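The values are calculated or read from the model by the stated rules, or taken from the named source; none is laboratory data. Keep in mind it's a predicted model, so treat the numbers as computed, not measured. Cβ placement follows ideal geometry from the backbone for every residue including glycine, while neighbour counts extend to all protein chains displayed.
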């Protein structure tokens, strides 16, 4: 009976030591969600398209991961301007605000509003934290066109792959997200 208790204690001690070794090893830290991928020494950069009204190419979204930081750069094509941007990065869909499966950009963790008088054609959004790859990137923008000092077109834009498609949210709309670092 006494030897059985000593065996259980020894086993528990070995399991505890093994768990501590995993937690405090560099590889264990990466597996727990650090941005740093041990197989990649340089920044990871991918360019996605921004489509407004489902099929109007209005710009690009450049996503870069460097030293534990994710940056999203909105570059809008000539003739289009930003009214607002909203962005979220997550490791799964549960990390992106949704209502009945539809994304809620106003609830995303990052967002900027611009005056329509400023004629902004670019924006940079920075995320800092601990994520693991791949990441889901939901990048939304409200864009508009001007002619003779008047707004002639307003649209909602979402990031998509170069072929115009994106990953669909489970709700009933056309909003899309991309998987980083996928480069379809």
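Tally the residues that are under 18 Å from residue 61 (Cα atoms) and surrounded by fewer than 17 Cβ atoms within 10 Å (Cβ to Cβ), restricting the search to segment 91-110.
2
Select from segment 115-125 the residues that are surrounded by fewer than 16 Cβ atoms within 10 Å (Cβ to Cβ) and modelled with pLDDT of 85 or more and write down the one among them that is nearest to residue 94 (Cα to Cα).
Per the stated criteria, the residue is 124.
So in segment 161-184, with the set limited to residues that are in a strand (DSSP E or B) and more than 12 Å from the chain's Cα centre (by Cα), which one is surrounded by the most Cβ atoms within 10 Å (Cβ to Cβ)?
Across segment 161-184, the extreme among qualifying residues is 167.
Just to be sure, is residue 152 without any contact (Cβ under 8 Å) to a residue 40 or more places away in the chain, in a strand (DSSP E or B) and in contact with a strand residue (DSSP E or B) (Cβ under 6 Å, 6 or more places away or on another chain)?
Yes: the conditions hold for residue 152.
For segment 170-181, name all the residues that are under 17 Å from residue 52 (Cβ atoms) and either in contact with a strand residue (DSSP E or B) (Cβ under 6 Å, 6 or more places away or on another chain) or not assigned by TED's automatic domain parsing to the domain that holds residue 132 (or both).
Of everything in segment 170-181, those that are under 17 Å from residue 52 (Cβ atoms) and either in contact with a strand residue (DSSP E or B) (Cβ under 6 Å, 6 or more places away or on another chain) or not assigned by TED's automatic domain parsing to the domain that holds residue 132 (or both) turn out to be 173, 175, 176, 177, 178.
Looking at segment 68-85 only, could you name the residues that are over 16 Å from the mean Cα position of the chain (by Cα) and either over 18 Å from residue 144 (Cβ atoms) or touching a residue at least 60 places away in the same chain (Cβ under 8 Å) (or both)?
Of everything in segment 68-85, those that are over 16 Å from the mean Cα position of the chain (by Cα) and either over 18 Å from residue 144 (Cβ atoms) or touching a residue at least 60 places away in the same chain (Cβ under 8 Å) (or both) turn out to be 76, 79, 80, 81, 82, 83.
Suppose we keep only residues that are in contact with a strand residue (DSSP E or B) (Cβ under 9 Å, 6 or more places away or on another chain) and assigned to a loop (DSSP other than H, G, I, E, B) within segment 126-146. Which one would you say is modelled with the highest pLDDT?
By that ranking, first place goes to 134.
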